[in-house]
1. How much length would be gained if the chain were fully extended between ASN132 and GLU228, taking 0.36 nm per residue of separation minus their Cα-Cα distance, in nm to one decimal?
2. For the stretch 173-241, what class follows from the C-alpha gyration tensor (a ≥ b ≥ c being the square roots of its eigenvalues): rounded when a/c is under 1.5, otherwise prolate if a/b is larger than b/c, else oblate?
3. Rank ASN22, ASN60, ASN132 by mean-square fluctuation in a GNM of the chain with C-alpha springs under 10 angstrom and give only the top-ranked residue.
4. Which angle between 0 and 90 degrees, to the nearest 10, do you get for helix 2-20 versus the longest principal axis of the chain when only C-alpha atoms count?
5. For every helix of n ≥ 4 consecutive DSSP H residues, a contribution of -39,500 (n - 2.57) applies; sum these over the chain, divide by its total residues, and give [θ] at 222 nm rounded to the nearest 500 deg cm²/dmol.
6. Going through the stretch 19-101, which trypsin sites (Lys or Arg not before Pro) have at most 11 other Cβ atoms within 10 Å and a DSSP loop state?
7. Rounded, prolate or oblate: pick one for the stretch 2-133, where a ≥ b ≥ c are the square roots of the eigenvalues of its C-alpha gyration tensor, a/c under 1.5 means rounded, and failing that, prolate if a/b is larger than b/c, else oblate.
8. Run through the DSSP bridge list for the stretch 101-241 and note the antiparallel percent, rounded to the nearest 5.
Amino acid sequence: MKLFLNAAIEANTEILEFITSNKHEYLCEELSLGAGGDISRKVDLIAEEIFVKNLEKFGNIYSEECGFLPKDSEFDIIIDPIDGSDNFASNIPYFGTSVALKYKDKCVAGVIVNLANGDIFYKDEDLFQKANMRSLVFEDVKKNTMSRVGIFERVYRSKTIFDRFRKENIKFRSPGAFALSLAYAHDVNFVVYEGDMRVYDVEAGLYMCNDLYKIIEDGLLVISKDKEIFDRISQLFRKGE
């Protein structure tokens, strides 16, 4: 797994260099419709090319922009080249990358990077650690006991849960990069999502939440490190069923 982590770090380093050395307007140029159904920007496509170059030796590639690239391997690599690309285009500093490594349909490693601040999360079957791209000094991820708010990703898609949160005065933010928010789940009170979930958005992030309380069913997701908060929100999800 060390080779996979190093290759992912190298890819993210190249992507950061590409972003910092080119003009914002060039990076945000809209080019084509990606396999995931969204319009791909220049930054999405170049980031994907960099990931493919660095990671294709590890297995088949399944990416949001290009779709499936077979490599005749038992390993699959699930990539979101730029997570939160609308944030990137809008100069909101919450965007990154997400990579999951699967063996026979089981996730065995994940790397998520916040390109805006350099945070990098790495998990395999033995470790779950966090570092910064500038230093790469990894430390074990720990649960933040001081958190006061949760994350409600893509709240604009919510059909029912937003109103229930408002009535219960539950505090949350909606930063707009699903994989990143899942990576930060040990820091915040909860992560909630209502709507369709694509494999590119959630594969690595959900793997990083294996030790947390969670519900994932019928387009609803609740994840929390705190049993009391998890139970409270779960009841709101089920209210009116």
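1. 31.4 nm
2. oblate
3. Judging by the Gaussian network model, the answer is ASN22.
4. 90
5. Computed mean residue ellipticity for the chain: -9500 deg cm²/dmol.
6. When the trypsin sites (Lys or Arg not before Pro) of the stretch 19-101 are filtered for loop state and at most 11 Cβ neighbours within 10 Å, LYS23 remain.
7. Note, shape of the stretch 2-133 comes out oblate.
8. Percentage antiparallel, nearest 5: 85.
No lab work stands behind these numbers, since they all come straight from the coordinates. Since the model is a prediction, treat every value here as computed from it, not as a measurement. All Cβ positions, glycine included, derive from the backbone under ideal geometry; neighbour counts span all protein chains shown.
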